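Input: a single structure, listed below in C-alpha cells.
The values are calculated or read from the model by the stated rules, or taken from the named source; none is laboratory data. Note that this is a predicted model, so its numbers are computed, not measured. Counting neighbours? That spans all protein chains shown, and the Cβs are built from the backbone with ideal geometry, glycine included.
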Amino acid sequence: MLRPVTATAGVVLAPNPGPMTLEGTNTWVLRAADSESCVVVDPGPLIEGHLVEVARHGPVAAVLLTHGHPDHSEGARRFAELTGAPVRSLDPAHRLGDEGLVDGDVVAAAGLELRVLGTPGHTSDSLCFVLDDAVLTGDTVLGRGTTVVAHPDGVLGDYLASLQRLRELGDLTVLPGHGPELEHAGLAAEQYLAHREARLDQVRAAVAAGARTPQQVVETVYADVDRVLWPAATLSVRAQLAYLQGGAGP
C-alpha cells in the first residue's frame, strides 16, 4: 500500500523486516501532482508481490538506486521487466540502460527535478536525492538508530564528509531507506556526527585499555547493543580503527 508522505513522495514498505532493515525497505514513489508517470527510488528486495504493488503506481519513468545493497537493489531487474523503466545507479553493475548517476546530476522526470548528491561512506556507491522539500537518504541516514559503515567498501572519513554535506540541507524532510521520515535533515546529520565522534572516543579508550582486535573493541564499546547487531558493529569498528590509524581527528 502506498502511504503519502509529502506532496510529491509516497512510500511502499517492503515485507523484509529485520535487525538491519527495521520495519523493511522503504520504496519511494515520486511524482508531481499533475504528472501521470513517477520515479521509483530503491525497488527493494526480490519479492514479487512488493514489486507488483509498486509497479501498480506507474507508469514508471525511471528507477534510481541509492546504493547496491540487495535489500535496496535486488528487485531492480525484475521491476524493470514489469515496468520497462531504466535503472540508474552510481555503480555500473546495477544499471539497466545507458545512463548512470554521479554527484551533481539532475534527474528531470515525473514533473520533478532530483539533484544527485554523492554521499559515500555507508558504501562507496551511496547516493542521496534532493527534492525541493525533502532528501532521500538510502542508508546514509536512517529513520531510527544509526547506520553501519560497511568496511572495507565503506570508509568512515567519507561518511563524515557526507554527513557534513547533508547537514547543509537544513530543514528538508529526510525520506530514509528504512524507518520513519525525519523532519530536519540538518539536525539529523548533526546528531549522526555527534554519535560518530562519541563512538570514536569510545574506540580510542578501548584501544588504550588494551583492546587489540575489532572483536575486543566491539565487546567493550557495543556491550549494550543486541548481539545480533555485533557483526554489523564489527564492520563499523574496522572502519573506525582504519580511520584512527590514518591519524585524522573525528
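Out of the residues in the stretch 99-140 that are of a type in the set (Asp, Glu), more than 15 Å from residue 73 (Cα to Cα) and part of a loop (DSSP other than H, G, I, E, B), which is modelled with the lowest pLDDT? This residue is 99. Residue 238 passes every criterion in (1) loosely packed, with under 13 Cβ neighbours inside 10 Å; (2) touching a helix residue (DSSP H, G or I) at 6+ places or on another chain (Cβ under 6 Å); (3) not in a loop (DSSP other than H, G, I, E, B) apart from (1).
Condition first: touching a strand residue (DSSP E or B) at 6+ places or on another chain (Cβ under 8 Å) and assigned to a loop (DSSP other than H, G, I, E, B). Can you find one or more residues in the stretch 144-163 that meet it? Among the residues of the stretch 144-163, at least one is touching a strand residue (DSSP E or B) at 6+ places or on another chain (Cβ under 8 Å) and assigned to a loop (DSSP other than H, G, I, E, B), which makes the answer yes. Reported count of residues in the stretch 4-30, each being in contact with a Leu (Cβ under 7 Å, 6 or more places away or on another chain), assigned to a loop (DSSP other than H, G, I, E, B) and either small (Gly, Ala, Ser) or surrounded by 15 or more Cβ atoms within 10 Å (Cβ to Cβ) (or both), is 4. Would it be correct to say that residue 165 is in contact with a helix residue (DSSP H, G or I) (Cβ under 7 Å, 6 or more places away or on another chain) and touching a residue at least 12 places away in the same chain (Cβ under 8 Å)? No.
Looking at 80, 93, 61, just one residue is part of a helix (DSSP H, G or I), small (Gly, Ala, Ser) and in contact with a strand residue (DSSP E or B) (Cβ under 9 Å, 6 or more places away or on another chain), and that residue is 80. Taken as a whole, the structure leaves residue 106 outside the set of residues that are within 19 Å of the chain's Cα centre (by Cα) and either crowded, with 23+ Cβ neighbours inside 10 Å or closer than 17 Å to residue 126 by Cβ (or both). Within the bounds of the stretch 225-236, is there any residue that is under 16 Å from residue 145 (Cα atoms), β-branched (Val, Ile, Thr) and at pLDDT below 95? Yes. For the stretch 184-218, residues that are among the basic types (Lys, Arg) and within 26 Å of the chain's Cα centre (by Cα) total 2. Residues in the stretch 115-146 that are polar (S, T, N, Q) and touching a residue at least 40 places away in the same chain (Cβ under 8 Å): 119, 123, 126, 137, 140, 146. Scanning the stretch 64-77 for residues that are in contact with a strand residue (DSSP E or B) (Cβ under 8 Å, 6 or more places away or on another chain) and surrounded by fewer than 19 Cβ atoms within 10 Å (Cβ to Cβ) yields a count of 1.
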